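These notes are about the structure you will find just below.
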Amino acid sequence: MPAPLKVLFVASECAPFAKTGGLADVVGALPKALRPLDIDVRVVMPLYAGMPWNDLDILDGFLTVPMWWGGARARVRVGKLPGSEVPIYCLEFNRYFDRPYLYGPPAEGYPDNLERFTFLSRGSLELCKALGFMPDVIHCNDWQTALIPAYVNTVEWMQPLHAAATIYSIHNLAYQGVFDGGGMFVTGLGREHFNPTELEHFGAMNLTKGALHHSTLLSTVSPTYAREIQTDLYGNGLDGTLAARAGDLTGILNGIDVDEWNPAADTHLPAPFDVNRMAGKAACKAALQKEAGLAVRPDIPIFGVVGRLTPQKGFDVLAHTLDRMLSWDVQLVLLGTGDPEAERFFAWADAHHGDRFRAWLRFDNGRAHRIEAGSDFFLMPSRFEPCGLNQMYSLRYGTLPIVRATGGLVDTVANYDETTGGGTGFVFTDLHPEALANTIGWAVSTWFDRPDHIKTMRRRAMTQDFSWARAAGEYRNLYLRAYEKRRGHAFE
Ligand code: ADP
């Protein structure tokens, strides 16, 4: 039997241990889907405050991670991704990670984030040495791990880890890891790497730029986003760098955790349902209306929104649509946290449109499930969306998404065709209150005038395959390509 491909998967968050967004969902699910493909995949992340550290085993000894100020002695705790044999190693260094937030208070980063994630990046390589686990591929995810490809090419030069291929996956190009150039010493890389090809970008240090240069191959989380980020509209200043490596950049659509998000066996729901037993969905709708303190009415459509209240999600455009939308006989529930200004607005709107609109300004996973299940339509007017998970959850729960044509939303939602009843949702292009209102209006009129189309679209939506098994196969091919590029021969 040939040895399995060895993959080290490094990330700053992983569901269900620590999560602020979709990245954690990917890290919690993709490695589990890789394991059946004969891949020895192992995950590394920091040990944050609030994680179930008592359930994790402690590895003997300490890991010494070279930092600018000396060797950081870290403990390593190890567990398994729930429901799998995938090991997850958590680097314990309380000075950096025993804090209330993963990255900092809302809309701020901790001032020593460069140092914290230098530690994660450097520490993951030291862990490989301590374990005697020499990965064929190191899969890095977002800026918190962006220094790894540079380390593999520099400080590991002529060392066993230098043979590892590196993949850098962009989950959201809006977060690049930008720091003052004066902080180069923190990375441990020489000042000579602060140049416009590697880490320097418009005078600042940009960790993502370093990864785009040093990684063997690049990926992002949907084919459309892979194309978009090579343009100035979506490239966040790195479009030129990305376009220069267009041949090495692949878009692989995320899957969803089909066990966690399964309407037929979802413990958060008052009633289960599936494509052949839709009575449960009606019960979920009634329960959601009740939970929201809205009239329990099966005859009108209810719209759901779940997400971070940041400019990315386009909720400012929704805010400008709200009066018009709520003048119709519809209901809307929103669950989200984020920008204080947005929170204030939606709290105000809740008080003024209380009979039709409910805003819950907190993070509540169970309620996110109940909104997906109980709504008829789901709104995602995103300004940009690398992949997006909520629209896939919606499809699986028979809740038709209304999305802006960007990123992964394009790759997952097919626009309604009035003549044939085709499609799985409603798509608009202009990021403008008028366009959003018109599209919501289109969904409302379809609901009242062509209920048979809604029914067939729901069926179609609920039977799409968004499992991680498909994505895992594509990642495996990417790993094999990276291996061959790095080593000059195929993996065998
Ligand atoms: P992003 O990663 O940009 O935040 P995604 O749609 O890819 O967007 O993933 C968001 C994830 O976070 C989903 O699992 C969603 O349900 C969850 N989520 C976001 N905000 C909340 C909230 N306030 N309460 C519960 N879950 C939330």
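The values are calculated or read from the model by the stated rules, or taken from the named source; none is laboratory data. A quick note: this is a predicted structure, and the numbers were derived from the prediction, not measured. For neighbour counting, all protein chains shown are included, and Cβ atoms are generated from backbone atoms with ideal geometry for every residue, glycine included. For the accessible areas, the whole protein counts, side chains as well, though only heavy atoms, and no ligand, DNA or RNA atoms are used. Shrake-Rupley method; radii C 1.70, N 1.55, O 1.52, S 1.80 Å.
Measuring from centroid to centroid over Cα atoms, what is the spacing of segment 177-227 and segment 357-405 in Å?
33 Å
What order, most packed first, do the peptides 368-379, 91-102 have when packing is the mean number of other Cβ atoms within 10 Å of each residue?
The peptides rank, most packed first, as 368-379, 91-102.
Can you send over the solvent-accessible area of Glu85, 1.4 Å probe, protein chains only, in Å² to the nearest 10?
110 Å²
Working with all protein chains in place, sort Tyr479, Tyr110, Tyr175 by solvent-accessible area computed with a 1.4 Å probe, largest first.
Result, largest first: Tyr175, Tyr110, Tyr479.
At q = 0.13, 0.14, 0.17 Å⁻¹, what log₁₀ I(q)/I(0) does a Debye calculation on the Cα points of segment 279-462 give, no solvent, two decimals?
-0.58, -0.68, -1.06
What accessible area per residue, rounded to a whole number of Å², is obtained for segment 279-462 using a probe radius of 1.4 Å? Kindly include the intermediate steps, with their values, before the conclusion.
Values: 6670 Å² over 184 residues.
The answer is 36 Å² per residue.
Expressed as a whole percentage, what fraction of the accessible surface of segment 279-462 belongs to carbon and sulfur atoms when a 1.4 Å probe is rolled over the protein heavy atoms?
Whole-percent figure for carbon plus sulfur exposure: 55.
Between segment 429-492 and segment 264-326, what is the C-alpha centre distance in whole Å?
The distance from the Cα centre of segment 429-492 to that of segment 264-326 comes to 20 Å.
Just to confirm, what accessible area per residue do you get for segment 15-79 at 1.4 Å probe, in whole Å²?
For segment 15-79, the per-residue accessible area is 43 Å².
So for segment 372-453, Kirkwood radius off the Cα pairs, Stokes-Einstein at 10 °C and 1.306 mPa s: how many µm² s⁻¹? Can you show the working numbers first?
Details: Rh = 12.6 Å.
In µm²/s, the coefficient is 126.
Keeping every protein chain in place, order Thr399, Thr267 by accessible area at 1.4 Å, biggest value first, i.e. largest first.
Working: Thr399 0, Thr267 130 Å².
The ordering from most to least exposed comes out as Thr267, Thr399.
Could you tell me the center-to-center distance, by alpha carbons, between segment 120-146 and segment 47-119 in angstrom?
Each part reduced to its Cα centre gives a spacing of 13 Å.
List the aspartates and glutamates whose Cα sits under 20 Å from the Cα of Lys129, skipping any in the same chain fewer than 8 residues away.
List returned: Asp40, Asp57, Asp60, Glu92, Glu156.
I'd like the accessible area for Lys32: 1.4 Å probe, protein heavy atoms, all chains in place, Å² to the nearest 10.
About 60 Å², ignoring ligands and nucleic acids.
Would you mind checking segment 1-24 for residues with the amide N under 15 Å from a putative spin-label position 7 Å along Cα→C-beta of Ala174?
Within reach of a label on Ala174: 20-23.
Just to verify a number: FRET efficiency for Asp112 and Phe363, C-beta to C-beta distance, R0 = 25 Å, to 0.05?
0.50
Taking a cut-off of 27 Å between Cα atoms, list the lysines near Lys19, but don't count ones fewer than 8 places away on the same chain.
Straight-line reach from Lys19, under 27 Å: Lys6, Lys32, Lys80, Lys209, Lys313.
At what distance in nm do the modelled label points of Phe185 and Thr463 sit from each other, each positioned 7 Å from its Cα along Cα→Cβ?
About 6.5 nm separates the two model spin labels.
From the alpha carbon gyration tensor of the chain, can you work out the equivalent ellipsoid semi-axes (sqrt of 5 times each eigenvalue) and give them in Å, largest to smallest? Kindly include the intermediate steps, with their values, before the conclusion.
Values: eigenvalues 329, 107, 99 Å².
Semi-axes from the Cα gyration tensor: 41, 23, 22 Å.
Suppose the chain between Leu59 and Thr267 were pulled fully straight at 0.36 nm per residue; how much longer would it get relative to their current alpha carbon spacing?
Roughly 71.4 nm would be gained on extension.
Would you work out what percent of the accessible area of segment 60-167, with all protein chains in place, is carbon or sulfur (probe 1.4 Å)?
53 percent
Within a Cβ distance under 13 Å of Thr267, other residues only, what is the Lys/Arg minus Asp/Glu net charge?
-2
Quick one: angle between helix 113-131 and the longest Cα principal axis of the chain, in degrees between 0 and 90, rounded to 10, please.
On a 0 to 90 degree scale, this one is about 60.
For segment 41-56, take each phi angle, set θ = phi - 60°, evaluate the Karplus expression 6.51 cos²θ - 1.76 cosθ + 1.60, and give the result in whole Hz per residue in order, putting x for glycine and proline.
Coupling constants for segment 41-56: 9, 9, 10, 10, 8, x, 8, 8, 4, x, 7, x, 5, 5, 7, 9 Hz.
For Glu291 and Ala243 in the same chain, what is the full-extension length gain: residue separation times 0.36 nm, less their Cα-Cα distance, in nm?
12.5 nm
Could you work out the relative contact order of the chain, using alpha carbon pairs under 8 angstrom and six or more residues apart, expressed as a whole percent?
Relative CO of the chain lands at 13 percent.
If ligands, DNA and RNA are left out, what is the accessible area of Phe491 with a 1.4 Å probe, given in Å² to the nearest 10?
50 Å²
How much accessible area per residue does segment 109-158 have, counting only protein heavy atoms and a probe of 1.4 Å, in square angstrom?
On a per-residue basis, segment 109-158 sits at 25 Å².
Only helical DSSP H runs with n ≥ 4 go in: add -39500 (n - 2.57) per run for the chain, normalise by residue count and round the 222 nm mean residue ellipticity to 500 deg cm²/dmol.
That comes out to -10500 deg cm²/dmol.
For His214, His352, give me the order by solvent-accessible area with a 1.4 Å probe, most accessible first, ignoring ligands, DNA and RNA.
Descending accessible area places them as His352, His214.
Treating cross-link reach as a plain straight distance, find the lysines whose alpha-carbon is under 18 Å from the alpha-carbon of Lys285, omitting any fewer than eight places away in the same chain.
Qualifying lysines at Cα under 18 Å: Lys455.
Mind listing P(r) for segment 123-167? All alpha-carbon pairs, 5 Å bins, whole percents.
5, 24, 37, 26, 7, 0
Can you tell me the length gained on complete extension of the stretch Tyr101 to Val258, counting 0.36 nm per residue apart and subtracting the Cα distance?
Working: separation 157, 0.36 × 157 = 56.52 nm, distance 2.80 nm.
My answer for the length gained is 53.7 nm.
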